[in-house]
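Undergrad: Take a look at the following structure, please.
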There are 2 protein chains.
Amino acid sequence: MANFHIRASLSFLISLYALSSFCIFPPALSFHRRNPKNALRLLGKFSRSNYTGPIGAPSYQFETRYFDQNIDHFAFSNLPKFRQRYLINTEYWSGPDRLGPIFLYCGNEGDIEWFAANTGFVWELAPRFRAMVIFPEHRYYGESMPYGSYEEAYKNATTLAHLTAEQALADFAVLITELKRNLSSQACPVVLFGGSYGGMLAAWMRLKYPHIAIGALASSAPVLQFEDLVPTETFYDIVSNDFRRESVDCFNTIKDSWDVIESEGQKSNGLSYLTETFRFCKKLESSDELSNWLSSAYSYLAMGNYPYPSDFLMPMPGNPIKEVCKKIDNRPNGTSILQRIFEGVSIYYNYTGTAGCFDLDDDPHGMNGWNWQSCTEMVMPMSSSKNTSMFPTYEYDYASDEEWCLENYNVKPRPTWITTQFGGHGFKNALKTFGSNIIFSNGLLDPWSGGSVLEDISETIVALVTEKGAHHLDLRPSTVNDPDWLVEQRATEVKLIQGWLDEHFDRKTRVADM
Amino acid sequence: MANFHIRASLSFLISLYALSSFCIFPPALSFHRRNPKNALRLLGKFSRSNYTGPIGAPSYQFETRYFDQNIDHFAFSNLPKFRQRYLINTEYWSGPDRLGPIFLYCGNEGDIEWFAANTGFVWELAPRFRAMVIFPEHRYYGESMPYGSYEEAYKNATTLAHLTAEQALADFAVLITELKRNLSSQACPVVLFGGSYGGMLAAWMRLKYPHIAIGALASSAPVLQFEDLVPTETFYDIVSNDFRRESVDCFNTIKDSWDVIESEGQKSNGLSYLTETFRFCKKLESSDELSNWLSSAYSYLAMGNYPYPSDFLMPMPGNPIKEVCKKIDNRPNGTSILQRIFEGVSIYYNYTGTAGCFDLDDDPHGMNGWNWQSCTEMVMPMSSSKNTSMFPTYEYDYASDEEWCLENYNVKPRPTWITTQFGGHGFKNALKTFGSNIIFSNGLLDPWSGGSVLEDISETIVALVTEKGAHHLDLRPSTVNDPDWLVEQRATEVKLIQGWLDEHFDRKTRVADM
């Protein structure tokens, strides 16, 4: 890989692009040469880009409502209100007199209906706890657009300015407070749920609004993936380990493939050959496009490395990395490395076998919410290490990311703001002495787990870690294929949530509202 | 008082006007007829309107520095930065290696030098704790003006938009984080101090930024003076009781005086007579002007009802209400009620005896920061009850306040925002299960004490209540005249702060930073 001059800064910006409307965190790597224009278009359609309803997933009953929110909760600029969408189900709710719980899922970066469909755990809990369920949508995603439309909201830095986590938390706080007031249910306990960025929101909301919610289940929430709180190589090391644990050969084949792709791309007709081998609909403009396409797939495979077939990011078999590695490893002797890689990655991009050819640059949105968030608050440094990663080596380079953000969004990131606002190096200590009732659940196969909380902080701030879990698996609907450890994990979560509620009810009956 | 058609809504807006650059909360009453134009000018100079350095107070050594802050921490609008002033003293600081504490006073609504001069307690603690002392100024006050100048910052609702408590807390958080980083003193514990609105900021900051500060002394902080958390008549009932406890006659004379003033004002030449009797420099335009002037004085007397002479709001004798009532009660038989009132109130407005005549409408600033805050977040409902108050009866009327704010500032208040953001009805319960290390200190003579926390919430969230204390007396410099109960109160505070620090040091030595 001597000639790998590729800079993979911007990493956290660019590849986020692909999946930002998919709830799940996008991986943070990009291998193309620096070319902001290409960069933005590069990862347009690595997975389904528009949610069109659950495919084969259970469907849940809810009512769709809208709530007028202030665009700016923390200043009194004369901005128009916007309509925040929320989904609500009160079918099982025991009501205010019985202090019926309210389960609130903190909507994250995408269409809220998509989250609702993929967060079966919350729906399944509702009848058991006689809880109301509410899924508020995150501002600037789905239908919850300031200034009336996506086009207006995403027009420029001024209109995008208020797409921040703090404003989103305030939306949730104002909405639930008003909703409870209207239902005369102020005494009803609110329990927060969230996965990925939504899990971060749930944990942060419990910290910032302890008077509003009694506890939070923060699944796969990398609240420590900021500044230097965890090593920058963590994410890609975990992805790489997920492959190595299935097969060292597979890991090595992938690690070797980048140079092959690079040198093939430099041959005359090399790009045509790569285009054909990987069945792209349009001819590749550089081999980096292919490298990015592949590296994204590996990362998403690691996130969605569930023990049963799923249709979350893309339709995938159970244990998809095992399947990918089988394809890579088990080709007949003499099969080229590129052919092996193609066969392997098809598990991700074409499991159903229906794709005729692949697109790289389908960019339905132009600008994209998570890119903006990454260019402002959500600065998550990542790198790929020479020794432990199967990805090309690169160093984290904040300066070039900043440059990209200024060029493309006319905004300067504030890389230390999230840690100032929500806690950085002292975060766990602060939690220990201050916080309570948070579950940080993580599966160690999930590359985001390395940026989360993996040990108990106190008696009431606990880490539930599953060795074989992937990205917020616990929040998914239960299936007949759930392994025992998953069933147990969810049972523990139920028990902990019941404990929070019991404590709340106990306090309510002992003393009047202080 | 049958004919008292006066509406005293706007109360919380208008009289705040007088003292908003004086750190101390302004009282929340105004008896003039609704006339926004008059309203704004009415209470211009009821006490010193510009701080020109301590008079006879101890002077403290500090360096003045400036820090570039974002105008909007919670959005990424392309606004210019502004220079936040802060005062700093590191003379006694034991430094990062010894985990030297950092004592941070949360600057409130006024010039930070004024607070520094009147918060001797913090300065006196510095050598004992080997602490650094820092007094950051609140944005939009003193020299810390966004957009470069007072005139620009206070131009309109757009420029004033970011004058909010949340932004001020974020200023403190960003400043102290950056300062600690620069001094390699990230492990040094920060203890917060604040009085009045600054006390609210200190308590809220401990709640919202527990990773930044290990504890807070919130003196005279009416964190519950919102919505319907405490009865609206609380404030004026306490002022009234302060007078009644000195003398029922005095209380009754004041209670009777409003009708006398009103009917005198309706006579031909009545206003001239009132102007002359009360020695105003310019002729009164209505008797309401006089009523407002008097009611403000009574409220400020209650706040500054210290056991020794002070020069905080105005030069005043010790136990000033006792002195006022002596003047009111001890005139020779036949002295008119108006003459009694004038003699009494002169204790407040003219204790030094140097005032030739009094001004009503000196308005050096035009618009005023606390008025803005009252028209946006700081909506503190107040009323005056027929039976228990010595002030004219009136009901709280939110609608007319809102109207006034729209007319005068082009802004609509958000009366439920502070409780949503920082806690309302569930505030104490949330504190109990979530917070720690906050002292709510209050003196029961202080009319703001009724809106604060007066009982222990938990082992580490404690209320220190003194029967004879007034508005954040504990934060003032110690004097030879301090009564025993005050000495004891401060000793308890020192002990509690020492406990927070010991716990912090203990944790630091037991485990590395988690």
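Undergrad: How many of the residues in the range B:281-325 are over 27 Å from the mean Cα position of the chain (by Cα) and touching a residue at least 60 places away in the same chain (Cβ under 8 Å)?
TA: 5
Undergrad: Within the range B:445-458, track down each residue that is surrounded by fewer than 23 Cβ atoms within 10 Å (Cβ to Cβ) and either assigned to a loop (DSSP other than H, G, I, E, B) or not assigned by the TED database to the domain that holds B:ALA202 (or both).
TA: B:LEU454, B:GLU455, B:ASP456, B:ILE457, B:SER458
Undergrad: Could we say that B:VAL453 is modelled with pLDDT of 95 or more and under 18 Å from B:ILE497 (Cα atoms) here?
TA: No, not satisfied.
Undergrad: Inspect all residues belonging to the range A:89-96 and state whether any of them is at pLDDT 95 or above, buried (at least 16 other Cβ atoms within 10 Å of the Cβ) and out of contact with any strand residue (DSSP E or B) (no Cβ under 7 Å at 6 or more places or on another chain).
TA: Yes, that holds for at least one residue.
Undergrad: Please pick out the residue among A:ASN429, A:ASN442 that is assigned to a helix (DSSP H, G or I) and under 27 Å from B:ILE212 (Cβ atoms).
TA: Selected residue: A:ASN429, the only one of A:ASN429, A:ASN442 that is assigned to a helix (DSSP H, G or I) and under 27 Å from B:ILE212 (Cβ atoms).
Undergrad: With (1) more than 11 Å from chain A (Cβ to nearest Cβ); (2) under 22 Å from the mean Cα position of the chain (by Cα); (3) among the small types (Gly, Ala, Ser) as the list, and B:SER184 as the residue in question, which single condition is left unmet?
TA: (2)
Undergrad: Within the range B:468-513, can you find the residues that are of a type in the set (Lys, Arg) and within 13 Å of chain A (Cβ to nearest Cβ)?
TA: B:ARG507, B:LYS508, B:ARG510 - these are the residues of the range B:468-513 that are of a type in the set (Lys, Arg) and within 13 Å of chain A (Cβ to nearest Cβ).
Undergrad: Within the range A:335-355, can one find any residue that is of a type in the set (S, T, N, Q), within 20 Å of A:VAL239 (Cα to Cα), in the same structural domain as A:ILE261 (by the TED database) and touching a residue at least 12 places away in the same chain (Cβ under 8 Å)?
TA: yes
Undergrad: Of the residues that sit in the range A:60-103 and are small (Gly, Ala, Ser) and at negative phi, which one is farthest from the other protein chains (Cβ to nearest Cβ)?
TA: Taking the candidates together, the pick is A:SER94.
Undergrad: Of all residues in the range A:391-422, which are within 20 Å of A:GLY451 (Cα to Cα), among the charged types (D, E, K, R) and within 14 Å of another protein chain (Cβ to nearest Cβ)?
TA: A:ARG414
Undergrad: Taking A:ALA203 and the conditions (1) within 14 Å of chain B (Cβ to nearest Cβ); (2) surrounded by fewer than 24 Cβ atoms within 10 Å (Cβ to Cβ); (3) touching a Phe, Trp or Tyr at 6+ places or on another chain (Cβ under 9 Å); (4) in contact (Cβ under 8 Å) with a residue 40 or more places away in the chain, which numbered condition does it fall short on, given that it satisfies the others?
TA: (2)
Undergrad: Sort out which residues of the range A:454-468 are out of contact with any Ser or Thr (no Cβ under 8 Å at 6 or more places or on another chain) and not β-branched (Val, Ile, Thr), and write them in order of number.
TA: Correct list: A:LEU454, A:GLU455, A:ASP456, A:GLU459, A:GLU467, A:LYS468.
Undergrad: Next up: Residues in the range B:284-294: is at least one outside the structural domain of B:ASN118 (by the TED database), at pLDDT 95 or above, among the charged types (D, E, K, R) and more than 20 Å from B:TRP448 (Cβ to Cβ)?
TA: Checked the range B:284-294: no residue is outside the structural domain of B:ASN118 (by the TED database), at pLDDT 95 or above, among the charged types (D, E, K, R) and more than 20 Å from B:TRP448 (Cβ to Cβ).
Undergrad: Let me ask something else about it. All but one of (1) in contact with a Pro (Cβ under 7 Å, 6 or more places away or on another chain); (2) not assigned by the TED database to the domain that holds A:ASP242 hold for A:GLY423; state the number of the condition that does not hold.
TA: Looking at each condition in turn, A:GLY423 falls short on (1).
Undergrad: Can you name every residue in the range B:404-439 that is aromatic (Phe, Trp, Tyr) and in contact with a Gly (Cβ under 8 Å, 6 or more places away or on another chain)?
TA: B:PHE434
Undergrad: I want to confirm something. Restricting to the range A:396-420 and keeping residues that are among the acidic types (Asp, Glu) and in contact (Cβ under 8 Å) with a residue 24 or more places away in the chain, which single residue is surrounded by the most Cβ atoms within 10 Å (Cβ to Cβ)?
TA: Restricting to residues being among the acidic types (Asp, Glu) and in contact (Cβ under 8 Å) with a residue 24 or more places away in the chain, the top hit is A:ASP401.
Undergrad: Follow-up question, since we're still on this one. Can you tell me which condition A:GLY120 does not meet? The list is (1) modelled with pLDDT of 90 or more; (2) buried (at least 17 other Cβ atoms within 10 Å of the Cβ); (3) more than 25 Å from the chain's Cα centre (by Cα), and all the others hold.
TA: It is condition (3) that A:GLY120 fails.
Undergrad: Tell me which residues, restricted to the range B:172-215, are part of a helix (DSSP H, G or I) and of a type in the set (Phe, Trp, Tyr).
TA: Scanning the range B:172-215 gives B:PHE172, B:TYR197, B:TRP204.
Undergrad: Could you list, in sequence order, all residues of the range B:125-143 that are surrounded by fewer than 21 Cβ atoms within 10 Å (Cβ to Cβ), part of a loop (DSSP other than H, G, I, E, B) and free of Cβ contacts under 8 Å to residues at least 60 places away in the same chain?
TA: The one that is surrounded by fewer than 21 Cβ atoms within 10 Å (Cβ to Cβ), part of a loop (DSSP other than H, G, I, E, B) and free of Cβ contacts under 8 Å to residues at least 60 places away in the same chain: B:ARG130.
The values are calculated or read from the model by the stated rules, or taken from the named source; none is laboratory data. Predicted model only: the values in this text are computed from it and were never measured. Don't worry about glycine lacking a Cβ; one is built from the backbone with ideal geometry, like all the others, and counts go over all protein chains shown.
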